[in-house]
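No lab work stands behind these numbers, since they all come straight from the coordinates. Keep in mind it's a predicted model, so treat the numbers as computed, not measured. No Cβ is skipped: glycine too gets one built from the backbone with ideal geometry, and neighbour counts run over all protein chains shown.
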Amino acid sequence: ILYSISSSQVRCLVDVPGQKLPPIANGEMEKYLKTHIAPQLPVEIREAFIAAVEKGNIRTIPVRCMPADPVPTPGAL
């Protein structure tokens with residue numbers, strides 16, 4: 001997901017499949033982003049994406065599954 005956070009900046013959220021993320025410290029995450037994600041991006045932003053990845057400001061956050069509790073409502077299907 002790419003979305004604008006200012007008039008000159010875009011944030012990119014990437015879902016990395018699997019239980020374990022490639023480590024940032026040893027360069028595996030950079031390699032993953034360049035080889036798996038960059039080729040999927042539109043040509044117009046690919047170079048900027050690769051430059052941002054090479055700059056090294058990569059942050060990760062865990063994704064949590066939070067299923068909703070059912071709320072029974074009489075008369076509703």
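Brief remarks follow.
- Shape of the chain, Cα gyration tensor, a/c cut at 1.5: prolate
- Helix 43-55 axis versus longest C-alpha principal axis of the chain: approximately 80°, rounded to the nearest ten.
- Here's how it looks for VAL10: its modeled amide H is under 5 Å from those of ILE5, which are all 5 or more places away or on a different chain.
- Kirkwood-type radius of the range 1-43, with distances r between different C-alpha atoms, in Å: 11.9
- Estimated inter-spin distance, ALA68 and SER6, nm [label 7 Å along Cα→Cβ]: 3.6
- Under the simplified labelling scheme, the LYS20-ALA51 pair shows an inter-label distance of 3.5 nm, with each label point 7 Å from Cα along Cα→Cβ.
- Neighbours of VAL63 by Cβ distance under 15 Å: Lys/Arg scored +1, Asp/Glu scored -1, total +2.
- For the peptides 17-24, 49-56, 30-37, residues were scored by their other Cβ atoms within 10 Å and the scores averaged per peptide; the highest-first order is 30-37, 49-56, 17-24.
- Working note: Cα gyration tensor of the range 37-77, eigenvalues times five, square-rooted, sorted largest first, giving semi-axes of 43, 16, 6 Å.
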